[in-house]
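Take a look at the structure below.
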Amino acid sequence: MISTMRTALVTGVFVAVGAIASYAQGDGEARMRSWSVALGVECAHCHVPDRWMEASKPAYAFAQRMTRMVSRLNEGPLKGVGIVTCWTCHRGRPIPARVPRTEWERIQADHETEFATQPDRALGMSIYAASLGVDCSYCHEADRAANAKAPKAMVARMLPIFEEIPKYFDDSRRPVTQCYMCHQGKTRPER
């Protein structure tokens, strides 16, 4: 009887370990598929075929850094706001889109007189507006001194993202972080 119980216990442990390993592998495969879709690439973009754990391709190490970046953003500046994924910025492209120059230049030209003495602010506000697909009233009250709108407060909450993202890039690949990378013309990023 004790022998039968031991056999059942050992068999149960092996079955449980096998199920956990199978789940982890399945979870890993699902994660890899989602990354492939998010970046619009095949597995071989990062991996050496038939040697999936080999880290010889630069894209493999870069993907690991990007995974750490996404985790850090979700656990840090975005905690309580909403998560981002690879899709949020990439949307099926290996390199995230940039705000179209024509979009922010048009907005800047429309407000040229308002920012005649503040060209840097004109550039920043134009890029914000084009990135979210909004006009000034989305963040600002008609009386600019009031500034009590929630989107205006959200801007301050998002600023740490601009410090966090560059930490995961070397000098040769460091992007100029823009709201457009996640928002792409919408007030809420796609997740």
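Could you tell me whether residue 70 is open to solvent by less than 60 Å² (accessible area, probe 1.4 Å), closer than 19 Å to residue 160 by Cβ and not in a helix (DSSP H, G or I)? Give the steps one after another, and end with the answer.
Details: open to solvent by less than 60 Å² (accessible area, probe 1.4 Å): yes; closer than 19 Å to residue 160 by Cβ: yes; not in a helix (DSSP H, G or I): no.
The answer is no for residue 70.
Kindly establish whether residue 166 is surrounded by fewer than 17 Cβ atoms within 10 Å (Cβ to Cβ) and touching a Lys or Arg at 6+ places or on another chain (Cβ under 9 Å). Yes: the conditions hold for residue 166. If I filter the range 37-58 for residues that are in contact with a Gly (Cβ under 8 Å, 6 or more places away or on another chain) and under 30 Å from residue 121 (Cα atoms), do I get at least one hit? Checking the range 37-58: not a single residue is in contact with a Gly (Cβ under 8 Å, 6 or more places away or on another chain) and under 30 Å from residue 121 (Cα atoms).
Close Cβ contacts (under 7 Å, 6 or more residues apart or on different chains) running from residues in the range 124-141 that are free of Cβ contacts under 8 Å to residues at least 12 places away in the same chain to residues that are part of a loop (DSSP other than H, G, I, E, B) comprise 141/147; 141/148; 141/149.
Within the range 91-127, the set of residues being at pLDDT 90 or above, among the hydrophobic types (A, V, I, L, M, F, W, C) and part of a loop (DSSP other than H, G, I, E, B) comprises 95, 97, 99.
Condition first: of a type outside the set (Gly, Ala, Ser), open to solvent by 70 Å² or more (accessible area, probe 1.4 Å) and assigned to a helix (DSSP H, G or I). Now tell me which residues in the range 129-161 satisfy that. Give the steps one after another, and end with the answer.
Start the filter on the range 129-161 by keeping residues that are of a type outside the set (Gly, Ala, Ser), which leaves 132, 134-136, 138-141, 143-144, 147, 149, 151-152, 154-155, 157-161.
Filter once more, so that each one left must be open to solvent by 70 Å² or more (accessible area, probe 1.4 Å): 135, 138, 143-144, 152, 154, 157, 159.
Passing the criteria: 138, 152, 154, 157, 159.
Condition first: at pLDDT below 90 and of a type in the set (Gly, Ala, Ser). Now tell me which residues in the range 161-191 satisfy that. Scanning the range 161-191 gives a single hit, 172. Looking only at the range 97-128, filter to residues that are acidic (Asp, Glu) and in contact with a helix residue (DSSP H, G or I) (Cβ under 9 Å, 6 or more places away or on another chain); which one of those is surrounded by the most Cβ atoms within 10 Å (Cβ to Cβ)? My answer is 103.
Residue 47 satisfies every condition listed in (1) out of contact with any Phe, Trp or Tyr (no Cβ under 7 Å at 6 or more places or on another chain); (2) farther than 30 Å from residue 150 by Cβ except (1).
Of everything in the range 45-62 that is among the hydrophobic types (A, V, I, L, M, F, W, C) and open to solvent by 30 Å² or more (accessible area, probe 1.4 Å), the residue that is nearest to residue 131 (Cα to Cα) is 62. Reported count of residues in the range 169-191, each being open to solvent by 40 Å² or more (accessible area, probe 1.4 Å) and either assigned to a helix (DSSP H, G or I) or under 17 Å from residue 98 (Cβ atoms) (or both), is 5. Under the condition of being more than 18 Å from the chain's Cα centre (by Cα) and not in a loop (DSSP other than H, G, I, E, B), the residues counted in the range 31-49 number 4. Residue by residue through the range 26-51, note down the ones that are under 16 Å from residue 94 (Cα atoms) and in contact with an Asp or Glu (Cβ under 7 Å, 6 or more places away or on another chain). Selection gives 36 alone.
The values are calculated or read from the model by the stated rules, or taken from the named source; none is laboratory data. Everything numeric here is computed off the predicted structure, so don't read it as measured data. Positions of Cβ are generated from backbone atoms using ideal geometry, with glycine treated the same way; all protein chains shown enter the neighbour counts. Just the protein is used for accessible areas: all its heavy atoms, side chains included, with ligands, DNA and RNA removed. Shrake-Rupley method; radii C 1.70, N 1.55, O 1.52, S 1.80 Å.
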